[in-house]
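A.B. asks: I have a structure I would like to understand better, so I am pasting it below and will then ask my questions one at a time.
The values are calculated or read from the model by the stated rules, or taken from the named source; none is laboratory data. These numbers come from a predicted model, not from an experiment. Quick reminder, even Gly has a Cβ in these numbers, built from the backbone with ideal geometry, and neighbours come from all protein chains shown.
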Amino acid sequence: SVFAYVEQDPLVGETMSIREALYAGTSPAMTALREYEAAAAALSSEGGDGAQKRFERATERMESEGAWDVQVLADRAVDALLPSLKDSLDRPVDGLSGGQRKRLALAGALMQRPGVPL
């Protein structure tokens, strides 16, 4: 079971974008998503058989971890918790208020698809 814990005063990376903070989790689905994005970037920039195989493995992992729905989950979390920021997810976290940071941390925790949110 995956647990998610949000600190009373969450420390969110000051230099991260809101989008990066949302996807910073360590759940298998989030890890698979980051691997997929890296593999897609490598395939696009490098090409070749190695990059193609890496992309195929990443795609399989996305499927096995059920990570394809992470974007939908992110959209829902932002709509529910940070609606005023949904058009500016590339904005740096350091410009957010304390309340916005707390809601961002909560959205990030929910992105982990926890069995038990704490």
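A.B. asks: Determine whether E35 is closer than 30 Å to K102 by Cα, of a type in the set (D, E) and part of a helix (DSSP H, G or I).
C.D. replies: Spelling it out, E35 is indeed closer than 30 Å to K102 by Cα, of a type in the set (D, E) and part of a helix (DSSP H, G or I).
A.B. asks: Okay, moving on. How many residues does the range 18-32 hold that are assigned to a helix (DSSP H, G or I) and either under 21 Å from D87 (Cβ atoms) or of a type in the set (K, R) (or both)?
C.D. replies: Final tally of qualifying residues: 5.
A.B. asks: A follow-up question, please. Taking the residues in the range 1-13 that are more than 18 Å from R113 (Cα to Cα) and surrounded by fewer than 12 Cβ atoms within 10 Å (Cβ to Cβ) as candidates, determine which candidate is modelled with the highest pLDDT.
C.D. replies: Among residues in the range 1-13 that are more than 18 Å from R113 (Cα to Cα) and surrounded by fewer than 12 Cβ atoms within 10 Å (Cβ to Cβ), the one modelled with the highest pLDDT is Q8.
A.B. asks: Any idea how many residues of the range 21-40 are of a type in the set (S, T, Y) and crowded, with 17+ Cβ neighbours inside 10 Å?
C.D. replies: Residues that pass the stated criteria total 3.
A.B. asks: Please go through the range 67-85 and give me each residue that is over 14 Å from the mean Cα position of the chain (by Cα) and surrounded by 12 or more Cβ atoms within 10 Å (Cβ to Cβ), ordered by number.
C.D. replies: Result: A80, L81, L82, L85.
A.B. asks: Quick check, is D90 charged (D, E, K, R), surrounded by fewer than 16 Cβ atoms within 10 Å (Cβ to Cβ) and either modelled with pLDDT of 90 or more or part of a helix (DSSP H, G or I) (or both)?
C.D. replies: Judged against the criteria, D90 is not a match.
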